[in-house]
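The values are calculated or read from the model by the stated rules, or taken from the named source; none is laboratory data. Quick caveat: nothing in here was measured; it's all calculated off a predicted structure. No Cβ is skipped: glycine too gets one built from the backbone with ideal geometry, and neighbour counts run over all protein chains shown. The area values use the complete protein model at the heavy-atom level, side chains included, leaving out ligands, DNA and RNA. Shrake-Rupley method; radii C 1.70, N 1.55, O 1.52, S 1.80 Å.
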Amino acid sequence: MFIKQLYTGCLSEAAYYIESEGEAVVIDPLRDIEEYIQLARERKAEIKYIFETHFHADFVSGHLDLAKKTKAPIIYGPQTVTNFPVHIAKDEEIFKLGEVTIKLLHTPGHTIESSCYLLKDEHGKDVALFSGDTLFVGDVGRPDLSSGDLSSGELASIMYDTIQNKILPLADDIIVYPAHGAGSSCGKNIGPNTYSTIGKEKKSNYALQLQSKEEFIKAVTEGLNVAPKYFSINAQINKEGYDSLESIKANGLTPLTIKEFKNKINTDVIILDTRPADTFIKGFVPDSIFIGLEGRFAEWAGSLLPFNKPFLLITEKGKEEETIIRLARVGFSKMEGYLKGGFEAWKKAGETIDLIIDVEADELAMDIPYDNNLLVIDVRRETEFAEGHIKNAINLPLDEMTDIVKLAVFENNHNLYVHCNGGYRSVIAASLMKRQGIHNLRNITGGWQKIQEVPTIKVVKDASVLN
């Protein structure tokens, strides 16, 4: 038996490859399937099944492309409805894989079709639970995502029954392999490890403790952050189907001359620049939106960019394909090409450029007492802001900055200082503000991490939010 966890950090997502006697299964594959194909090829194995734990909301699965490539059937749990051919398994249906078996456990709660896969060795002993978004390390899947007409309370009630009847009876030594780790928005507070055991979760996971159904529902539904806007779109794509990744790459990998690029700019397009933040601020094509590959790129792209508009890409040399793949992972498909030669070609041609002024936290400290038009814009989440922020700062979380009304409050005479925690989100925010015609702004280098080091900047907390 061979098990490999294939973890993608920027999405906090884990796919799994399981193999026995030359037969393999892939669980929850990402959109770019080549890694699974290559792994099976290297190990001289055949992919026999593609298991899906549920309709994912945070990424577009590679199930359709992988099925087309391998001819393996796609397996979902009970109550699944799709627009493409799948095998809808019964609860506790057994799948043979070489010398081992895999039992599907229907575990609704996160979504109505959610299922786990219980791996048994050649002796029939339970070895591992591939728990999808049902059970995480220290958490369970949030019950407030789209699943028909059921409310979050109704799904949480169903999840309580799932925990009691399907998870808690399992043996303590079973390894738990969830679909997500820390940073994912599919849970409330997922732990830092990417695997655990049933025994450890029984001891430490708040959702597995002895409690009434009412107490459980309250515990799993309170304190949830708002789900990213693209979640419902991705869930729909996973349910209805999509264009192949190869066709998306074929369009997106079209090199555009400066003339061709400029002609397309005159249409209703998004210019997306994925270079590093410290490179972008020194110069960029006007009206570009920055989302750098070095951060949680796909997640921010899905949260901030429209799905119905075409994209023009500006990347570092050699990063064009990576950009397209990572956009496709969260459902974007309308990439129309990239600027040939990148920003340097644009600059050398003498085209108009824009930039963002970067200032140290020390300079902000000197300006605060003397500039009556100075406004500090803190784009961190509300909870981050509550834990500590500059006195009189305005909290405008990055994921709310697509709301033009919220940006319209700034006047031409305002001197805006923008920051986040470390500098990545604030550059995204600054690019969005520039695109709306707000140019009198500065990005604070190093963000909140550096601001805290300056003793003359007055910092306050918001106890009401923390409580």
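Of the chymotrypsin sites (Phe, Trp or Tyr not before Pro) in segment 287-389, which ones lie in a loop per DSSP and count no more than 14 other C-beta atoms within 10 Å? In loop regions of segment 287-389 (DSSP not H, G, I, E or B), the sparsely surrounded chymotrypsin sites (Phe, Trp or Tyr not before Pro) are Tyr370. Listed by chain and number, the aspartates and glutamates whose alpha-carbon sits under 14 Å from that of Lys319, ignoring those within fewer than 8 places in the same chain, are Asp273, Glu294.
With point charges of +1 on the Cβ of Lys and Arg and -1 on the Cβ of Asp and Glu, referenced to the Cα centre of the chain, which listed residue (Ala128, Gly9, Ser115) lies farthest in the positive direction of the dipole? Positive-end residue among those listed: Gly9. Computed on segment 302-412, the Cα convex hull volume stands at 184 Å³ per residue.
Close amide H partners of His180, meaning residues 5 or more places away or on another chain with modelled amide H under 5 Å apart, are Ala14.
Straight distance only, please: which aspartates and glutamates reach the Cα of Lys218 with their own Cα at less than 17 Å, same-chain residues fewer than 8 apart left out? Qualifying aspartates and glutamates at Cα under 17 Å: Asp139, Asp144, Glu154, Asp161. For segment 1-49, the solvent-accessible area of protein heavy atoms averages 40 Å² per residue (probe radius 1.4 Å; ligands and nucleic acids excluded). Multiplying the residue separation of Glu387 and Tyr195 by 0.36 nm and removing their Cα-Cα distance gives an extension gain of 66.2 nm.
Label point of Glu222 set 7 angstrom out along Cα-Cβ; within segment 195-213, amide nitrogens under 20 Å from it belong to 204-213. With all protein chains kept in place, the per residue accessible area of segment 232-298 amounts to 44 square angstrom at a probe of 1.4 angstrom. According to the calculation over all Cα-Cα pairs in the chain, the P(r) per 10 Å bin from zero is 4, 19, 26, 23, 17, 8, 2, 0 %. Taking the alpha carbon gyration tensor of segment 1-84, multiplying each eigenvalue by 5 and rooting it gives semi-axes of 20, 16, 11 Å, largest first.
Remark: spin-label model distance Gln209-Ile265 equals 5.7 nm, labels positioned 7 Å along the Cα→Cβ axis. The loop-placed trypsin sites (Lys or Arg not before Pro) in segment 399-467, going by DSSP, that have at most 15 neighbouring Cβ atoms within 10 Å of their Cβ come out as Lys458, Lys461.
Which pairs, out of Lys309/Lys340; Lys229/Lys317; Lys282/Lys309; Lys406/Lys434; Lys262/Lys309; Lys103/Lys200, put more than 24 Å between their alpha-carbon atoms? Over 24 Å Cα-Cα: Lys229/Lys317; Lys282/Lys309. Summarised in one figure, the compactness ratio Rg/Rh of segment 230-302, Cα atoms and Kirkwood Rh, is 1.01.
Loop-located trypsin sites (Lys or Arg not before Pro) in segment 34-78 (DSSP state other than H, G, I, E, B) with a sparse environment of at most 10 neighbouring Cβ atoms within 10 Å: Lys44, Lys71.
Each residue of segment 247-254 was assigned a 3J(HN,Hα) from its phi angle through the Karplus expression (A = 6.51, B = -1.76, C = 1.60, θ = phi - 60°), giving 5, 5, 5, 4, 6, x, 8, 7 Hz with x at Gly and Pro.
Segment 96-144 gives an Rg/Rh value of 1.07, both radii derived from C-alpha positions and Rh following Kirkwood.
Only helical runs count toward this figure. For the chain, summing -39,500 (n - 2.57) over DSSP H runs of n ≥ 4 and dividing by all residues gives -7500 deg cm²/dmol at 222 nm. For the chain, the fraction of 1.4 Å probe accessible surface lying on carbon and sulfur atoms is 48 percent. The relative contact order of segment 190-326 comes to 24 percent, based on Cα pairs under 8 Å that sit 6 or more residues apart. Rounded to the nearest 10 degrees, the inclination of helix 231-240 to the longest alpha-carbon principal axis of the chain is 50 degrees.
Backbone phi angles across segment 281-298, fed through the Karplus curve with coefficients 6.51, -1.76 and 1.60 (θ = phi - 60°), yield HN-Hα couplings of 5, 7, x, 7, 5, x, 6, 5, 9, 8, 9, x, 5, 6, x, 7, 4, 4 Hz in residue order; Gly and Pro are listed as x. Comparing segment 206-264 with the 2.2 N^0.38 Å rule of thumb, its C-alpha radius of gyration ratio is 2.15 (two decimals). On a straight-distance basis, which aspartates and glutamates could pair with Lys120 in a cross-link, Cα separation under 14 angstrom, same-chain partners fewer than 8 positions away excluded? Within the straight-line cut-off, Lys120 pairs with Glu19, Glu92, Glu93, Glu99, Asp173. Direction-averaged projected area, Cα convex hull, segment 67-152: 6.9 nm², rounded to one decimal.
Projecting each Cα onto the charge dipole of segment 273-370 (Lys/Arg +1, Asp/Glu -1 at the beta carbon, about the Cα centre), which of Ile357, Phe284, Leu339 comes out farthest on the positive side? Positive-most Cα among the choices belongs to Leu339.
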